[in-house]
Structure formats: C-alpha cells, structure tokens
Amino acid sequence: MIESSDIRMTRISLNHGTGHIPALGFGTLIPDAALTISATKDALAAGFRHFDSAERYKNEREVGEALQAGLAASGLAREDIFVTTKLWNTNHRPERVEPACEASLERLRLDYLDLYLIHTPFAFQPGDDQDPRDQNGNVLYDRDVTLLDTWKAMESLVDHGKCRAIGLSDVSLDEVRPIYESARIKPAVVQVESHPYLPETELLEFCKQRGIVFLAFAPLGHGAKPGPLEDPVIAAIAARIGKTPAQVMLAWAVQRGTALLTTPRTAARAQENFNISALPQDALDEINQIQTRQRLNEVVKTGVPGFIPQSKGVGT
Ligand SMILES: NC(=O)c1ccc[n+]([C@@H]2O[C@H](COP(=O)([O-])OP(=O)(O)OC[C@H]3O[C@@H](n4cnc5c(N)ncnc54)[C@H](OP(=O)(O)O)[C@@H]3O)[C@@H](O)[C@H]2O)c1
C-alpha cells in the first residue's frame, strides 16, 4: 500500500498489472442515463480517479462519454484514471469472454481496461438476455462452464493486452481459494459488499496475506435506513471529529487497508465523499467493535442482482 499523509491519495499495489489502484473509487450503478453522466463528471472533478462500471449496469456508454468529456475538460490523460468493468453472468463461456470485453471497451471508449472482473461466480444461460428465466421465473444457470474455465479466458485477455489486471466479484472464500490456487495469473482484486455491519474480516485477511486487493462495495451500506450510516457509534465519532458519518465510514474502509466504491450522485456529495481524512486509532477501534451485522445485497448467494429492498430497490 502506498500510504500518504493525505488518505485521499492512498493507492494499493496490484499483484499483477502495471501499478496501483486508488483506494477511493466511484461506482456507476446509477439507473438513470443523464444522472450517470453528471455524477461521473462530478466525481472526476471532486478528485476520484478510480471508476467502477459493469456490462450489467447498461450504462457503459454514458460512463465512457462522461470520462472522455471529463478528461478533456480537466487536462487529465487516460493513464491518470483507473477504469474497471465486469463480465456478466451470461458471458462465462470462454468463447464469449473476449467479445464481451471488447464490447465493453467500445462502449466505454477505451482501448484497455485497468481491471476486468468476473461480476459473479454464477454462470447463466449464454445469450443476449441478461436475466434468463424459465416459465416459472427460475434463473437458468449454465452448468457446462466452471469458474476456472472462465478465469482461464480472463487470463488470455491480460495476455492480449485488453486489460491490465483481472479479478473476481461477489465471491466467498470458498470460491476465491480454488481460483487463487489454480490460476496462472492470480486474482488482483476481489470486490464484495463490505461496511461496518459486514466487515468480512476472514476474507480481508486472506486477501491481505496474498497481495489481493479487497475492494468494498456499498461502504456506506448503500445508504440503507436503518443501516450503518445511522449507527450511533459512527454518529458520535462524526460529531467528535467534525466530519459526516459518510466520511467516517469511508475513512475507516481506507484505513483498514481496503479500496472502496461509493456512489455520490451530486457534486456536493462527491466532494463530501472524496474529502475524507484519517481517523484517530480510538475511533477505528470503536468501529471495529460494532457488533450489528447486515448484508444488503444477496447477489453473492445466487448471482441475481439487487439490494434487499429497504428504502429503495436497485440492481447489482
Ligand atoms: N459487485 C457487485 O455485485 C456490486 C453490487 C453493488 C454495487 N457495486 C458497485 O459498488 C458501487 C457502490 O455501491 P453503493 O451504491 O451501494 O455505495 P454506497 O456509497 O454505499 O451507497 C450509495 C448510497 O448512499 C447514499 N450516499 C452517498 N453518499 C452519501 C453521503 N455522503 N451521505 C449520505 N448518504 C450518501 C446515496 O444516496 P442518494 O440516493 O441520496 O444519492 C446512495 O443511495 C456501485 O455503484 C457499483 O459500482 C457492485
């Protein structure tokens, strides 16, 4: 990890690829096209240099448009940002992997990805329908392809220069371990839900010991109410140090050695979520002692997208 006295600049080394991933990442899971464009530009202007997208979000074109315009407006180069996208479940068959990656690159207006992730370990029936179901509404899984088959096709993408690093998402230790052991190119990143109510400590330790970056999605608990953003321990720390609860949770995530993805939708929120500063050790200890547990997204269990409806319902 490249630590800095300014934790906003924290970057974490990748075990392959050409460099580092900025710890503070912006996620583009935003269903509205116009909002995707404005929020992505706002995030870049606020200082975010790490952008997470996915074929499944159906807005890679808007993300690509916003990044191209944002880079031009700010005088930044492609190499100044870190861009990730993800292979969807319907493209797990090895022969579908490179065409899916190329289609994402075209939509994002890029000629390489910094990181390409297998979105979930669940293979769905191949085809254009991202959510294939039988007449009873049950997901049609593809039993003829293994996660290792797909991983080997991902390794070829690195060989072919389509992406600099590859990784996994929505996985448990049971899935990461065998891929790590069999892989020619080890996973560089594992993206999973994580926040003070879901610290995933065992997976984090596994990743740290092997130089895999643990990338937390929903670090604010997806803004769910009730949820960790409203936790009294977080609120008390925020009041004590003159920061917002969101800033406290994002700083905690960076200081425990994870990268994160947050989704501010306005310029003010983007500035708030980027302008974090280091928490004192006693605050970190208090957050680590929170006992409440809450998983907000069940995708890890079935591969089917979606946050558990709280105050709102959204996709993966
Ligand atoms: N691998 C996967 O399967 C997977 C699944 C889910 C997400 N992801 C990725 O992770 C990213 C982040 O996930 P997420 O959207 O759940 O992140 P999040 O930042 O934990 O939650 C975003 C929600 O928090 C609220 N929020 C943002 N900043 C706030 C602040 N300063 N104060 C109070 N509330 C705030 C927003 O509310 P408003 O609605 O009011 O703006 C938004 O609804 C996604 O965009 C996506 O890239 C990946």
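For the reader, a short list of remarks on this structure follows.
- As a calculated quantity, the FRET efficiency between residue 6 and residue 241 at R0 = 22 Å, using C-beta atoms, amounts to about 0.85.
- Note on residue 243: lysines with a C-alpha under 28 Å away, same-chain residues under 8 apart excluded, are 41, 225, 312.
- Eligible lysines near residue 301 by straight Cα distance, threshold 20 Å, same-chain separation 8 or greater: 86
- Of all accessible heavy-atom area on the chain, the percent that carbon and sulfur account for (1.4 Å): 48 percent
- Antiparallel DSSP beta bridges within the chain, as percent of all bridges there, nearest 5: 20 percent
- Solvent-accessible surface (1.4 Å probe) assigned to residue 212 amounts to roughly 10 Å².
- Note on residue 209 and residue 139: the model spin-label points, each 7 Å out from Cα along the C-beta direction, lie 2.9 nm apart.
- Stretchable slack from residue 202 to residue 282, in nm (0.36 nm times residue separation minus alpha-carbon distance): 26.6 nm
- Modelled label positions at residue 68 and residue 298, each set 7 Å beyond Cα in the direction of Cβ, lie 4.0 nm from each other.
- Taking 20 Å as the straight-line reach from the Cα of residue 208, the lysines in range (excluding those fewer than 8 positions away in the same chain) are 186.
The values are calculated or read from the model by the stated rules, or taken from the named source; none is laboratory data. For clarity, every value in this text was computed on a predicted model and none was experimentally measured. Glycine also receives a Cβ, built like all others from the backbone with ideal geometry; neighbour counts cover every protein chain displayed. With ligands, DNA and RNA removed, areas are computed over all heavy atoms of the protein, side chains included. Shrake-Rupley method; radii C 1.70, N 1.55, O 1.52, S 1.80 Å.
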